[in-house]
Every structure is written in C-alpha cells, then in structure tokens.
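Here the structure comes first, spelled out in structure tokens, and everything after it is commentary.
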Amino acid sequence: MNGFKILTAIVLCMLSASGSMAQTDSIKPNIIKALGNKLDTKAFTKYDPLYIDVPESPWRVILRGKMDENKIDLNSTNTWLLEGYKCNMDMTMNFDSEINKSIGVWVGYRGIGAAYFFKPGKKPGINIALSATAAKFGINFRFRDMQIDKLHLKTEMSYGDSTQVEEDDYTFRNPINIRSLFLNGYYVFNGKRYSQGAAYNQVVIQRRSAGSFLLGVTAYASQVELNTSSRNAGVILAMTDSVGSISLGKISVGLGYGYNWVPARGWTVNAMGMANLSISDNIIRSLYDSNYDFLGNETEQSVEDYGTWDKENRRWQNGKTHKPMRFNNESVNWDNDIDMWQVKEESSRTRWAFNLDFRVGVAYCWKRYFVSVNGIFTHFNYGHENNKVNVLDWYTIASLGIRL
C-alpha cells in the first residue's frame with residue numbers, strides 16, 4: 001500500500017495543475033497554474049504539425065495490464081572438502097522469478113505521468129513507474145521489490161579425475177528479496193518529427209513515419225538478498241561463496257535509433273534499439289559466516305557433543321565455533337539453533353561493459369481513445385571474482401486510455 005499512497009500523492013499534485021479539475025482559478029497556486037500553462041505551450045510549439053499531432057485534451061487516464069519478469073542467474077564457484085580431498089564446485093542458480101501478471105492505472109498531464117501496478121489476489125509488493133516526455137527528451141523511472149522462494153540449481157562437481165553434473169529444483173527455507181531500480185533519460189535529435197511517447201504513452205499522435213538517433217543515460221541498481229533469515233545459511237555458505245547479498249550500482253551511456261512507422265491513420269508502430277556502455281559499475285558483496293560448517297572443513301565429530309549455542313560469544317558449549325552439518329541426520333533439528341552473521345563487505349568497480357536496451361510498441365488512436373501494446377527488454381551482466389550475475393529485466397504492457 002505504500003506504493004499506492006505515493007502514486008496518490010503524485011496524482012493529486014498533477015490534478016491541481018489542471019484548470020478543468022479546479023472550481024475556480026483563484027484557488028489554484030500561481031506556480032502550479034504557470035507550470036500547467038508552460039507545459040501546454042511547449043506541447044503545441046515544439047513539434048512539426050505535419051508529422052506530429054498534439055491533442056487538445058491535456059489529461060490521459062490509462063488502464064493497463066502488465067506482464068513482467070526480473071530474471072536473475074547467479075553463478076558461483078566454491079571448494080568443498082569431501083573425505084579430506086578438495087572438491088571444486090561450479091554452481092549456476094536460476095532464480096524462479098516467474099512471470100508476474102498485474103493490473104494498474106496510469107494518470108498523466110501532457111508528458112508527465114505516474115503508474116502503480118498490483119497483483120490481484122496476491123501481496124502487491126511495490127511496482128511503481130514514473131515518466132516525463134517532451135519533444136527533445138524523455139525520463140523514465142521504475143522500481144520493483146519482490147520475493148522469490150524457488151530456484152533451479154545446476155552443479156558441476158570436479159572431484160579428483162572425475163566430473164559430475166547434476167540439476168535440481170530447490171526451495172529456499174526463507175524467501176529471498178530482489179529489488180531493482182531503473183532510471184533512464186534520453187535525448188531525441190529529431191524531436192520535431194519523431195516522438196517516443198507516441199507509441200508508449202500516447203502523449204502525442206504520430207501522423208507521418210519518422211525516425212531519430214537517440215542519446216541515452218541509464219542508472220540501474222539491483223540487489224539480491226539471500227540473507228533474509230539464518231535458515232538460508234546453507235545456501236549462502238555452501239552455494240554462493242559465503243555471499244549473503246550482492247548489490248550493483250551501474251551508470252551507462254548509449255547511442256541508439258528509434259523509428260515510428262505510420263501504416264495508416266491513427267496507427268503507430270515503433271522499434272528502438274540502444275547499445276549502452278557502462279562507465280561505472282560498483283559491486284558490493286556482503287560475506288557471512290555461520291555456527292554450522294557446510295563445507296566439510298571441520299573434523300568428523302559426533303553432533304551430540306557440541307551442546308547449546310551461545311549467540312553472544314558465538315561458541316558452542318564445548319568451545320567450538322562451528323558444528324559439522326549433517327543434512328541426512330533427521331534426528332537433529334538445526335533450524336532451532338542455526339545462526340548467521342555478516343563478516344565483512346567487499347566493494348569493487350568495473351568499467352566498459354556493454355548492455356542492450358530494446359523496445360517495441362504498437363498504438364492506435366481514434367477520437368479521444370487509444371489502445372497500445374509495448375515491450376521493453378534490458379540486459380545486464382556484472383560480477384566479482386567467484387560470483388557472476390546475469391539480469392534480464394523485461395515487461396510488456398497492454399493499455400486502454402482516454403483523453404480528458
């Protein structure tokens with residue numbers, strides 16, 4: 001509900017800018033009225049009317065259905081001790097993010113708008129989008145927060161001269177958190193005749209086919225938190241090289257091209273591709289330890305000899321700091337005394353990584369109404385020594401809107 005409250009506040013601020021939504025001009029703050037007049041003036045003077053039509057009605061209310069996925073693959077290399085011998089493990093974890101289906105509403109005045117999406121019958125989480133579009137530039141922001149409790153695990157184990165590959169599905173003992181934030185700004189070189197907004201939020205209507213080169217700047221941040229509970233210590237210590245969370249802050253610049261094709265009156269078909277070069281990647285890994293030994297480093301010893309765990313001093317009753325884990329010992333309920341804590345953070349910076357941003361959209365406008373379908377696909381790679389993360393962030397939206 002926090003996301004809905006934020007959206008409501010934004011919409012109320014935009015509503016106050018419209019003369020049609022207020023009873024008298026005297027109750028509107030002068031600064032809000034001036035802003036609305038400025039947006040109207042720019043909308044009608046910045047476009048070539050032979051190519052782009054600016055609707056008289058400034059408001060748009062859009063009902064949207066959305067499918068999206070933040071698909072994350074985490075690769076990790078680690079070393080186990082089995083019977084005193086080293087065993088090299090290469091693990092690829094495909095987090096089962098599933099395709100989310102949600103519905104939402106978008107409200108905008110001229111090129112400024114905000115949207116909020118929620119999942120019917122499920123916890124809504126937070127899924128917010130903001131946008132601002134003008135003839136020469138555009139800004140898009142989206143934030144998503146979700147929980148995942150399943151993954152598909154592929155393990156390649158090298159033990160002596162032999163190699164064994166296994167694949168299986170795994171359920172986290174406690175759901176993990178994945179957050180992503182995406183902020184994109186772009187400059188349109190041929191803004192008088194080409195509009196991204198004609199296909200994606202119907203701020204204007206493309207009358208004739210046109211294209212333009214685009215210059216873009218993107219800020220992207222994501223975080224994978226496996227450390228949501230000590231019950232996930234087995235995954236963290238054994239599978240991810242003791243990494244309980246991994247975060248990325250990325251800034252990229254890109255050059256691309258977009259084209260609006262108008263096959264018939266009212267129709268707009270858009271395709272845009274942009275190659276981005278990362279100029280700054282900041283990666284932070286949070287490393288954890290546990291009171292259980294998941295890698296076989298402790299000498300063989302009876303589980304019952306350890307006694308109770310002292311959280312304050314982080315020692316077992318017999319003085320040991322780690323107890324050997326026995327996954328096949330059903331008589332031991334290690335959920336009751338397992339503990340986990342952060343040891344340190346490691347930060348590193350990388351540069352010159354290429355990423356791709358691709359968008360397609362189709363829109364049809366008639367009278368005061370319009371429908372559209374569009375999709376955005378963004379791909380990122382980042383990593384640090386023993387951990388490599390691959391992100392595919394995409395969504396498709398179907399919209400039905402009206403101008404007011």
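How high is the FRET efficiency between residue 229 and residue 50 when r is their beta carbon distance and R₀ equals 56 Å, given to the nearest 0.05? The pair residue 229/residue 50 has a calculated efficiency of 0.35.
Applying 0.36 nm per residue to the separation of residue 373 and residue 284 and subtracting their alpha-carbon distance, the gain on full extension is 28.4 nm. Residues 380, 189, 358, 117 in ascending order of nearby Cβ atoms (within 10 Å, fewest first): 189, 358, 380, 117. For a test of the definition: using alpha carbon positions, the gyration tensor, and the 1.5 limit on a/c, classify region 130-259 as rounded, prolate or oblate. Cα axes put region 130-259 in the prolate bin. Legend: calculated FRET efficiency, residue 61 to residue 219, from the Cβ-Cβ distance at R0 = 45 Å, rounded to 0.05, equals 0.95.
Based on Cβ point charges of +1 for Lys and Arg and -1 for Asp and Glu, what charge dipole magnitude is obtained for region 140-259 about its Cα centre, in debye rounded to the nearest 20? Don't jump to the answer; show the numbers that get you there.
Details: 12 positive and 10 negative charges, 255 e Å.
Rounded to the nearest 20 debye, it is 1220 debye.
Ranked for footprinting exposure by Cβ neighbours inside 10 Å, fewest first, 161, 337 give 161, 337.
In plain terms, the residue of 278, 57 with the fewest other Cβ atoms within 10 Å comes first and the most crowded comes last, giving 57, 278. Filter 154/344; 71/150; 101/150; 150/344; 154/388; 311/344 down to the pairs with a C-alpha to C-alpha distance above 20 Å, please. Checking Cα-Cα distances, 154/344; 150/344 exceed 20 Å.
Label separation (residue 313 vs residue 177): 3.3 nm, computed from points 7 Å beyond Cα along the C-beta direction.
A short reminder: the numbers here are calculations on the coordinates, not readings from a lab. Bear in mind that the values here come from a model prediction, so they are computed numbers and not experimental data. Positions of Cβ are generated from backbone atoms using ideal geometry, with glycine treated the same way; all protein chains shown enter the neighbour counts.
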